[in-house]
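Enquirer: Pasting in a structure now, in structure tokens, and then I'll have a few things to ask.
We did not get these values from a lab; they are worked out from the coordinates using the rules stated. Values in this document were obtained by computation on a predicted structure and should not be read as measured data. Positions of Cβ are generated from backbone atoms using ideal geometry, with glycine treated the same way; all protein chains shown enter the neighbour counts.
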Amino acid sequence: MADEVRKLAVESSNSIQQVKQIVKTILGLMQDSVEKMDNGRRAVEEGWATISAAVKAFTQIAENIGTTVAQVGKVSSLTQTMAGGAQQIAAATEEQSAAMYEISLSAQKLAESSAKLQENLSHFKIKKKRRRKSRGMSPLPYFFLLLVPGVTYSSTII
């Protein structure tokens, strides 16, 4: 029986060695798993930080786009205002050009009328009478000439 007890003791010792080896392997695998989980946790935290930074960046981009859109709207409004002002200036310039043209035509007609009047007046000779001494009253002109625009005059003394 001593042989059997020795045999059992050797088998028990071998089994204990095998259990120790299995426990040691399990502990190594557990430690490796813990390290991998810790690395995974750190990667998740880094990923979360990256995502948070990206969200902040996209939020800032969205705000900047909103500001840019508002500024573009203001620029558009100012451009329309300036275009309206330019149109008003163009219209005023056109009106002034038309007025200048009308003035030019009127001046031309006036020059023509003046020339005709000079021609008509050249047919008449005005004799100056000797004046009698007045008694403090101013002498009246010998004739009156009334010019009305657009009327053709004949050689007449009024």
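Enquirer: Please state the shape class of region 1-129: rounded when a/c is under 1.5, otherwise prolate if a/b exceeds b/c and oblate if not, all from the C-alpha gyration tensor.
Expert: prolate
Enquirer: On to the next question. At what distance in nm do the modelled label points of R42 and T81 sit from each other, each positioned 7 Å from its Cα along Cα→Cβ?
Expert: 5.9 nm
Enquirer: Assuming R0 = 35 Å, can you tell me the calculated FRET efficiency for the pair S113 and Q88, based on Cβ-Cβ distance, to the nearest 0.05? Mind showing how you got there, number by number?
Expert: Working: r = 36 Å, r/R0 = 1.04.
In this case the efficiency is close to 0.45.
Enquirer: What spacing in nm lies between the two simple spin-label points modelled at S104 and V23, each 7 Å away from Cα in the Cβ direction?
Expert: Between S104 and V23, the label points sit 11.8 nm apart.
Enquirer: Rounded, prolate or oblate: which one fits region 63-124, using the alpha carbon gyration tensor with axes a ≥ b ≥ c (rounded when a/c is under 1.5, else prolate when a/b beats b/c, else oblate)? If you can, show how the numbers build up before the last one.
Expert: Working: a/c = 15.05, a/b = 13.59, b/c = 1.11.
Prolate is the answer for region 63-124, as a/c is 1.5 or above and a/b outweighs b/c.
Enquirer: Then there's this: Out of all Cα-Cα pairs in region 1-73, roughly what percent, to the nearest whole number, are more than 13 Å apart?
Expert: Here the tail beyond 13 Å accounts for 79 percent of pairs.
Enquirer: In whole angstrom, and with the biggest value first, how far do the Cα coordinates of region 44-99 range along each principal axis?
Expert: 80, 9, 5
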